[in-house]
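See below for the structure under consideration.
The values are calculated or read from the model by the stated rules, or taken from the named source; none is laboratory data. Keep in mind that what you see is a predicted model, and the values were worked out from it rather than measured. Neighbour counts are summed over all protein chains in view; Cβ atoms, including those assigned to glycine, are modelled from backbone coordinates with ideal geometry.
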Amino acid sequence: MVAAMAGDHSVRGSTLTLREVSHRFNFEGQPLPVLDRISLQVGRGEFVAILGPSGCGKSTLLRLVAGLDTPTAGALLTEGREIEAPDPSRVVVFQDPTLYPWRTVWSNVALGLEARGLLRTHRERIEDALRLVGLTGFANAYPHQLSGGMAQRAALARALVNDPTLLILDEPLGQLDSLTRIAMQTELVSLWQRSSFTALLVTHDVEEALLLAGRVIVLSDRPARIKAEVVNSQPYPRHRGNPHFVKLRREVFEHLGLEDAW
Amino acid sequence: MSSVIDEVPRPSEKSGFGFFESSATRSLIGGLSVAVAWSIVAALTAFWPDKPESDWVYTGGFAIACGALALALALAAFAGVRFVAFQRLQRVAPWLFALGLFLAAWEAVTAKLGLLPLPFFPPPQAIVEVVIDDWGRLAEGIFASARLLATGYFLGAALGFVTGVAIGWSRLAGYWIHPVLRFIGPLPATAWLPLAFFVFPSSFSASIFLIALATGFPVTVLTWSGVACVKSAYYDIARTLGATQRFLVLKVAIPAAMPHVFVGLFMGLGNSFAVLVVAEMLGVKAGLGWYLQWAQGWAAYANMYAALLLMAFLCSGLITLLFRFRDRLLSWQKGLVRW
C-alpha cells in the first residue's frame, strides 16, 4: 500500500510454495486426515482462489499459510523461507470480521502497528487504510455500530494497514448480503490491483473465485487433494454474463461434480 | 404506545384540562405536594407537644430544618415552571413525598405518642442530636472505616486481578494456584478472624488481610473466567498482526475480560463491607463497626441508628462509585448488552 502511494507500481507481493503439505487432526483419539499432499506454487502478485466443498479443509490450509498452525508433513515456504510462525507480512482476513468490540474502528485498524510498536511513526497509514476501504467518517465508531459490510471493510483496513505482501482471505465475504458482496468483490479487485500484494482467497462460491482470481484451485472432499486448476486470464472488470466466463464456470462445476446443476 | 395516542388531539384539552397536562404544570403540582408533606412534618413536630417527661433537645431544630426543606422544595417547584433543570426533581418527587409521610408517622409514634418503647426506638430528632453532638467521633469512625476498607479492598482487588490473569494465561500458574483457590477460596474470610488477630502484629493489619482475602477471591475467580472465555479468534488476529505474548495479555486478554472482572469487583466490594464491620466489631478499636458495638454497650440506640445510616450512605456511595467507574471504562458495551 505504501509502495503504491509512493508511486511505485512494481509488483512487490511475495511468492508462496506449498510442498506436499499434509495435515491431520486428532479427533476423539482417531487421526483425521484433512489435507493430502497439496503442492502449489503462487507467483508474486498473483491472485489465486482455492475452491472446495465446505468442510474440506480450506480454512486449515489458510491457517497453515498464516503460520497459526504447523503441518503434519510437508513444507510451506514464502520467498524461499519456511513459514514457522505468524508474521505481519502475511495477514489473514477471516470470514468473521472479529473486530475487538472494546476498540473504536480507528484503534482496531491501528492494532497491527501498535503490536509492532510502529504506531507513533506510521500513524498516517491508519487514515489511508480507512480511506481505501471507504470508512473515513467512521473512525470513532464502535464495531457494534457498523453493518456487516462495514465491519468486514474495517477488518480489511486492519489487514492492509500492515502493508502485507501476502493477503490471506478466508471467505471474507461469506457473511455479507448479496448486494454488499458484489460491491465488495469489485473493491477487493481494485485494492489488489492498486496494492499489488499476492492474494490467496478461500471460498466456496464458484462465481466469486472466477471473478476475482487469475487461477482457481479446485479441492476435493476431505482429505482435500488438488482436483483441478482452472486459469482465468480475462481482464478486469469481469462480467458474469460473458460467454467465456460462463464456460469457465461450467468447467469448475464439472470439477466439483455438480455438472447436472447447470 | 402512549406517544401515538398523544399525537391525537384529545377532547380533554379543549375542555380546559390541558392546563394540567403540560409537564411544567405537572412538575409544579408534584413539587408543591412534596413541600406540603414536609410542612406537615415541620408543623407536627413544632406544634404537637412532645410526650411529657421526654427531653428531646432538638425538637424545635428538627421542625425548623423540615420547614426550611419544605420552603426550598416549594421554591424549586416554582422554579421548575421557568427552568427545565428543576423539573428533574419531578422524578424523585414521589419518593420525597413518601419520605415526608414516613418521617411524620415516625415522629408521631415516638416523640408525640410514645407508642414505641425507649430507648430502642428514638424519634428522628434524637438521631439529629447524635449527628450534631457526636459528629467528631462519627467522622473519626467514617475515616477509620474508609481507610481500612480502601487499603484492604485495593490490595485484594489488585492481587486478585493479577492472580486471575496468571491462572487464566499460564498453565503452570493454573496448576499450582487453582487447587489452593478451590480449597481455601470458599472458606468465609471471617473464619480466619481468630487466627488473623493472633498472627498479625496489629488488629489493623489483620483486618486488612481479611478484607483483602474477602475481596480477592471473587475478583480472582471472575478475572480468571474472563480471561479463559476470550475468543481464540481474537488471539489469532493479533498473532497474525505480529503481537507479542505481552501484547496478547495486556491488549487482548485483559480488555476482553474486563466485563467479568467488574462482576468480581462488585462481589468483592459486597464481601469487603461484611468483613469490615465484623473485624471492627471484634478487634479494631475504631471505625463505624466499632462505634455500633460501643453504642450498643451504652444502650445508645440513637447513636446506633446514626452509625447505621452513615454506613448505608458509605456502602451505597461506594457501590455507585464503582458503577460510575465501570460505565466509564466499559462504555463500549452500550448497545451490545442491556445497559
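Can you tell which of B:85, B:68, B:24 is in a helix (DSSP H, G or I) and at pLDDT 85 or above? Explain how you work it out, then say what you get.
Numbers: B:85 fails: at pLDDT 85 or above; B:24 fails: at pLDDT 85 or above.
One residue alone meets the criteria, B:68.
For residue A:88, state whether it is touching a Pro at 6+ places or on another chain (Cβ under 6 Å) and either surrounded by fewer than 16 Cβ atoms within 10 Å (Cβ to Cβ) or facing chain B (nearest Cβ under 10 Å) (or both).
On the way: touching a Pro at 6+ places or on another chain (Cβ under 6 Å): no; either surrounded by fewer than 16 Cβ atoms within 10 Å (Cβ to Cβ) or facing chain B (nearest Cβ under 10 Å) (or both): yes.
No, not satisfied.
What about residue B:300, is it in contact (Cβ under 8 Å) with a residue 24 or more places away in the chain, more than 14 Å from every other protein chain (Cβ to nearest Cβ), surrounded by fewer than 22 Cβ atoms within 10 Å (Cβ to Cβ) and of a type outside the set (Lys, Arg)?
Details: in contact (Cβ under 8 Å) with a residue 24 or more places away in the chain: yes; more than 14 Å from every other protein chain (Cβ to nearest Cβ): yes; surrounded by fewer than 22 Cβ atoms within 10 Å (Cβ to Cβ): yes; of a type outside the set (Lys, Arg): yes.
Criteria met by residue B:300.
Right, residue B:114: closer than 25 Å to residue B:274 by Cα and either in contact (Cβ under 8 Å) with a residue 60 or more places away in the chain or crowded, with 16+ Cβ neighbours inside 10 Å (or both) or not?
Values: closer than 25 Å to residue B:274 by Cα: no; either in contact (Cβ under 8 Å) with a residue 60 or more places away in the chain or crowded, with 16+ Cβ neighbours inside 10 Å (or both): yes.
Answer is no for this residue.
Among the residues that make up segment B:234-248, is at least one of them within 14 Å of chain A (Cβ to nearest Cβ), of a type in the set (Val, Ile, Thr) and buried (at least 17 other Cβ atoms within 10 Å of the Cβ)? Outline the logic, then answer.
Applying the first criterion (within 14 Å of chain A (Cβ to nearest Cβ)) to segment B:234-248 yields B:234-248.
Okay, now just the ones that are also of a type in the set (Val, Ile, Thr), so B:237, B:240, B:244.
Filter once more, so that each one left must be buried (at least 17 other Cβ atoms within 10 Å of the Cβ): B:237, B:240.
Yes: segment B:234-248 contains one or more residues that are within 14 Å of chain A (Cβ to nearest Cβ), of a type in the set (Val, Ile, Thr) and buried (at least 17 other Cβ atoms within 10 Å of the Cβ).
Could you tell me whether residue A:216 is surrounded by 14 or more Cβ atoms within 10 Å (Cβ to Cβ), within 13 Å of residue A:47 (Cα to Cα) and more than 14 Å from the chain's Cα centre (by Cα)?
Judged against the criteria, residue A:216 is not a match.
Say whether the condition of being hydrophobic (A, V, I, L, M, F, W, C), free of Cβ contacts under 8 Å to residues at least 12 places away in the same chain and farther than 21 Å from residue B:222 by Cα is met by at least one residue in segment B:151-167.
No, because not a single residue in segment B:151-167 is hydrophobic (A, V, I, L, M, F, W, C), free of Cβ contacts under 8 Å to residues at least 12 places away in the same chain and farther than 21 Å from residue B:222 by Cα.
Out of curiosity, is residue A:72 at pLDDT below 90 and within 14 Å of chain B (Cβ to nearest Cβ)?
On the way: at pLDDT below 90: yes; within 14 Å of chain B (Cβ to nearest Cβ): no.
No: the conditions fail for residue A:72.
Can you run down the residue pairs with Cβ atoms below 7 Å, 6 or more apart or on separate chains, where the first is in segment B:127-143 and within 17 Å of residue B:111 (Cβ to Cβ) and the partner is in a helix (DSSP H, G or I) and aromatic (Phe, Trp, Tyr)?
B:127/B:305; B:128/B:62
With respect to the numbered conditions (1) out of contact with any helix residue (DSSP H, G or I) (no Cβ under 7 Å at 6 or more places or on another chain); (2) crowded, with 17+ Cβ neighbours inside 10 Å, which one is the sole condition not fulfilled by residue B:253?
Tallying (1) out of contact with any helix residue (DSSP H, G or I) (no Cβ under 7 Å at 6 or more places or on another chain); (2) crowded, with 17+ Cβ neighbours inside 10 Å, residue B:253 fails exactly one: (1).
What helices (runs of 4 or more DSSP H), lying completely within segment A:160-262, carry at least 2 residues that are of a type in the set (S, T, N, Q)? Explain how you work it out, then say what you get.
Numbers: elements: A:178-195, A:206-212, A:243-255.
Filter on segment A:160-262 gives A:178-195.
So is residue B:42 buried (at least 21 other Cβ atoms within 10 Å of the Cβ) and without any contact (Cβ under 8 Å) to a residue 40 or more places away in the chain or not? Outline the logic, then answer.
Working: buried (at least 21 other Cβ atoms within 10 Å of the Cβ): yes; without any contact (Cβ under 8 Å) to a residue 40 or more places away in the chain: yes.
Taking the combined requirement at face value, the residue satisfies it.
Each row is one residue, and each column tells you yes or no for (1) buried (at least 20 other Cβ atoms within 10 Å of the Cβ); (2) over 29 Å from residue B:180 (Cα atoms); (3) away from chain A (no Cβ under 14 Å).
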site	(1), (2), (3)
B:226	yes, no, no
B:285	no, yes, yes
B:293	no, yes, yes
B:304	yes, yes, yes
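Just to be sure I understand, how many residues within segment A:1-40 are closer than 18 Å to residue A:224 by Cβ and either modelled with pLDDT of 90 or more or among the aliphatic types (A, V, I, L, M) (or both)?
8
Among the residues of segment B:315-339, what is the count of those that are farther than 16 Å from residue B:266 by Cβ and not basic (Lys, Arg)?
The total comes to 4.
When you scan segment A:220-243, how many residues do you find that are surrounded by 12 or more Cβ atoms within 10 Å (Cβ to Cβ) and among the small types (Gly, Ala, Ser)?
3
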